[in-house]
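This report concerns only the one structure given below.
The values are calculated or read from the model by the stated rules, or taken from the named source; none is laboratory data. Keep in mind it's a predicted model, so treat the numbers as computed, not measured. Neighbour counts run over all protein chains shown; Cβ positions are idealised from the backbone, glycine included. Keep in mind that these areas ignore ligands, DNA and RNA; they rest on the heavy atoms of the full protein, side chains included. Shrake-Rupley method; radii C 1.70, N 1.55, O 1.52, S 1.80 Å.
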Amino acid sequence: MSKVFPNATAALNGLLHDNMTIAAGGFGLCGIPENLIAALRDSGVKGLTIVGNNAGVDGFGMGVLLTTRQVKKVLASYVGENKEFERQVLSGELELELIPQGTLAERLRAGGAGIPGFYTRTGFGTKLTEGKETKVFDDTEYVLENGIEAEVSLVKAWKGDKSGNLIYRKTSRNFNPMIATCGKICVAEVEQLVEVGELDPDQIHTPGIFVNRIIQGEKYEKRIEFRTVQGADPNKKTSSPVRDLMAKRAAQELRDGYYVNLGIGIPTLVANYIPEGIHVTLQSENGLLGIGPFPTEDKIDADLINAGKQTITERPGSAYFSSADSFGQIRGGHIDLAILGAFEVTDSGDIANWMIPGKMIKGPGGAMDLVAGVKRVVAVLEHTSKDGSPKILKKCTLPITGLGVVNLIITDLCVFEVKQGGGLVLTEIHSDATVDDIRAKTGAPFEVALKK
């Protein structure tokens with residue numbers, strides 16, 4: 001039988017029913033199956049459980065299914081900028097299972113590979129893994145995670161042939177390869193559909209064995225969440241003289257030859273202050289090694305974004321890969337340094353940076369994987385909250401991202417080293433604050449060993 005269908009509605013015909021599980025590819029709005037999502041919405045099926053990195057934005061991507069109340073549960077790593085998603089979760093209208101991004105990618109890969117479960121360090125000791133089975137390997141605790149299978153998976157590729165072979169383009173690969181494998185039935189849409197034999201077998205990312213139905217999309221809007229160009233302020237609320245100071249200090253932790261992951265927010269500013277003579281390779285967890293500067297207006301590419309959904313460029317020697325491969329780099333200890341924002345940090349190196357209960361749900365994204373896998377973690381944050389309460393504490397009051405993982409804390413007042421085994425050492429003051437001022441604003445004791 002031919003795998004080729006004339007349009008998205010025809011391709012989904014006979015596959016959909018209420019209360020089913022559907023997985024959809026994409027990261028933010030990059031690489032999402034626009035035509036299939038529209039057809040899914042128009043079908044009117046309800047009570048859906050949808051699986052994917054996130055649910056798009058208000059009114060676009062998988063977010064359209066939330067507006068029409070077709071979804072009862074979401075499995076995702078990030079709520080992000082979707083206000084309706086966040087509102088439905090906080091009001092109890094929608095069930096949400098948040099999953100660390102790397103764990104989600106691996107659970108999807110495992111589900112498609114017939115692997116019922118696997119152990120990972122990511123998320124151990126956090127709210128997201130409460131009640132899950134744990135096991136110790138080489139004196140380190142790991143959490144058991146189950147593979148994910150879907151009844152139908154929807155993916156988007158750049159090119160495909162009539163036998164179902166797929167090629168993705170740049171960072172639009174992200175979650176699509178794993179989601180293509182995890183569905184009992186996979187429906188793919190492509191920008192270009194060619195005859196069998198026209199694609200170079202060496203360039204195939206998803207072999208046709210995983211794809212049951214395929215269409216050429218009628219049109220693609222390919223929205224960009226954060227259109228960012230050279231000369232513009234990419235951080236808006238993030239950038240300020242004080243935060244620039246913190247980013248500049250964090251950049252001093254870079255070493256020649258490092259592979260580095262920069263978190264969303266203040267850490268993205270670090271790229272502006274890489275010391276002269278230092279070559280580092282920036283990794284973006286959505287599938288790029290070798291992030292370049294922001295593009296000029298004429299070089300904007302909707303298929304090339306960073307983890308903050310900003311438009312970027314690639315550097316010579318860069319590489320693209322799936323989200324599963326990305327987090328293999330992270331969990332496998334191949335990333336030398338991660339610089340992350342934080343809500344709270346403790347004197348034992350615990351960090352909280354993904355949720356404020358009852359107020360904000362952004363999701364763990366890739367942070368839980370990063371703090372569990374990279375060689376060194378730097379936390380960058382303002383020393384106190386707006387009400388003056390300390391953010392550096394003996395114990396976090398917010399849900400934990402990782403236990404005992406932070407090596408260095410940089411605030412708008414000073415720098416703390418976190419001793420192995422716990423305890424803070426004040427090493428630098430880059431403000432007008434005195435040691436006594438810092439003690440008054442810090443919720444944990446510390447030693448003083450100021451560097452000259």
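Treating only the Cα positions of the range 126-204 as identical point scatterers, give the base-10 log of I(q)/I(0) from the Debye formula at each q in 0.12, 0.17, 0.20, 0.22 Å⁻¹.
Results for the range 126-204 at q = 0.12, 0.17, 0.20, 0.22 Å⁻¹ read -0.52, -0.74, -0.87, -0.97.
Fully extended, how many nm does the chain gain between Glu428 and Leu16 (0.36 nm per residue separation, minus their Cα-Cα distance)?
Result for the pair: 142.3 nm of gain on full extension.
With a ≥ b ≥ c the root eigenvalues of the C-alpha gyration tensor of the range 1-94, is it rounded (a/c under 1.5), prolate (a/b larger than b/c) or oblate?
Because a/c hits 1.5 or more and a/b exceeds b/c, the range 1-94 counts as prolate.
Quick check on the range 303-382: of the DSSP beta bridges with both residues there, what percent are antiparallel, nearest 5%?
That works out to approximately 55 percent antiparallel.
Taking the alpha-carbon set of the chain, what are its Rg and Dmax in Å?
Just the Cα atoms of the chain yield Rg and Dmax of 22.3, 77 Å.
When only the heavy atoms of the protein chains count and the probe is 1.4 Å, how do Ile148, Ile274 rank by accessible area, highest first?
Ile274, Ile148
Summarise the long-distance tail of P(r) for the range 368-452 by giving the % of C-alpha pairs beyond 16 Å.
Values: 1860 of 3570 pairs.
So the pairs more than 16 Å apart make up 52 percent of the total in the range 368-452.
If you average the sequence gap of Cα pairs under 8 Å that are 6 or more apart and divide by the length of the range 1-111, what percent do you get for the contact order?
Normalised by residue count, the contact order of the range 1-111 is 21 percent.
Roughly how many whole Å is it from the C-alpha centroid of the range 41-116 to that of the range 1-27?
Cα centroid of the range 41-116 versus Cα centroid of the range 1-27: 17 Å apart.
Per q in 0.17, 0.27 Å⁻¹, report the Debye log10 I(q)/I(0) for the range 300-342, using one uniform scatterer on each alpha carbon and no solvent.
Listed by q, the Debye log ratios stand at -0.64, -1.19.
Roughly to the nearest percent, how much of the accessible area of the range 1-134 is carbon and sulfur, given a 1.4 Å probe?
Working: 2480 of 5060 Å².
Looking at the range 1-134 in its full context, I get 49 percent from C and S.
At 1.4 Å probe size, with every protein chain present, just tell me what the per residue accessible area of the chain comes to in Å².
42
If I take all pairs of Cα atoms in the range 288-385, what percentage of them are more than 17 Å from each other?
Of all Cα-Cα pairs in the range 288-385, 62 percent lie more than 17 Å apart.
Rounded to the nearest 500, what is the chain's calculated 222 nm mean residue ellipticity when only DSSP H runs of at least 4 contribute -39500 (n - 2.57) each, over all residues? Please list the in-between numbers first.
Numbers: 10 runs with 80 residues, N = 452.
When only DSSP H runs of four or more count, the value is -4500 deg cm²/dmol.
Determine the order of His430, His334 by accessible area, beginning with the largest, at a probe radius of 1.4 Å.
Sorted descending by solvent-accessible area, the residues read His334, His430.
What is the Cα coordinate range of the range 352-406 on the first, second and third principal axes, sorted by size from largest, in whole angstrom?
Answer, in whole Å and largest first: 34, 22, 17 Å.
Rg to Rh for the range 259-302: what is it, with Cα atoms only and Rh by Kirkwood?
With Rg and the Kirkwood Rh in hand, the quotient comes to 0.97.
Sort the range 129-285 into rounded, prolate or oblate with this rule: let a ≥ b ≥ c be the square roots of the eigenvalues of the Cα gyration tensor; rounded if a/c is under 1.5, and if a/c is not under 1.5, prolate when a/b is larger than b/c, oblate otherwise.
Oblate.
Angle check, please: helix 34-43 long axis (alpha carbons) against the longest principal axis of the chain (alpha carbons), in degrees 0 to 90, nearest 10.
That works out to roughly 70 degrees.
What are the extents of the Cα atoms of the range 198-322 along their three principal axes, in Å, largest first?
Computed over the range 198-322, the largest-to-smallest principal extents equal 53, 31, 23 Å.
Is the shape of the range 16-55 rounded, prolate or oblate, going by the alpha carbon gyration tensor and its root eigenvalues a ≥ b ≥ c, with a/c under 1.5 for rounded and a/b larger than b/c for prolate?
In terms of gyration-tensor shape, oblate.
So what is the relative contact order for the range 112-153, in percent, with contacts set as C-alpha pairs under 8 Å and at least six apart?
With pairs under 8 Å counted, the relative contact order is 47 percent.
Taking a probe of 1.4 angstrom, what is the accessible area of Arg87 in Å², to the nearest 10?
Accessible surface of Arg87 is approximately 100 Å².
Quick one: ranking Arg173, Arg223 by accessible area, 1.4 Å probe, largest first, what do you get?
Per-residue accessible area, sorted high to low, gives Arg223, Arg173.
Can you give me the relative contact order of the chain as a percent, contacts being Cα pairs under 8 Å and 6 or more apart?
Reported as a whole number, the value is 14 percent.
Any idea what Rg and Dmax come out to for the range 38-167 if you just take the C-alpha atoms, in Å?
Rg and Dmax of the range 38-167, Cα atoms, are 16.7, 52 Å.
Once the convex hull of the alpha carbons of the range 331-375 is built, what does its volume come to per residue, in cubic angstrom?
Hull volume over Cα atoms, normalised by residue count, gives 76 Å³.
Quick check for you: which residues of the range 374-396 have the amide N under 20 Å from the point 7 Å beyond the Cα of Val242 toward its beta carbon?
Under cut-off, by backbone N: 379-393.
Chymotrypsin sites (Phe, Trp or Tyr not before Pro) within the range 151-252: which are DSSP loop residues with at most 15 other Cβ atoms inside 10 Å?
In loop regions of the range 151-252 (DSSP not H, G, I, E or B), the sparsely surrounded chymotrypsin sites (Phe, Trp or Tyr not before Pro) are Tyr220.
With Kirkwood's inverse mean 1/r over C-alpha pairs for Rh, give me the Rg to Rh ratio of the range 410-452, two decimals please.
0.93
Using alpha carbon centroids, what distance separates the range 241-289 and the range 187-208, in Å?
Value for the Cα centre distance between the two parts: 36 Å.
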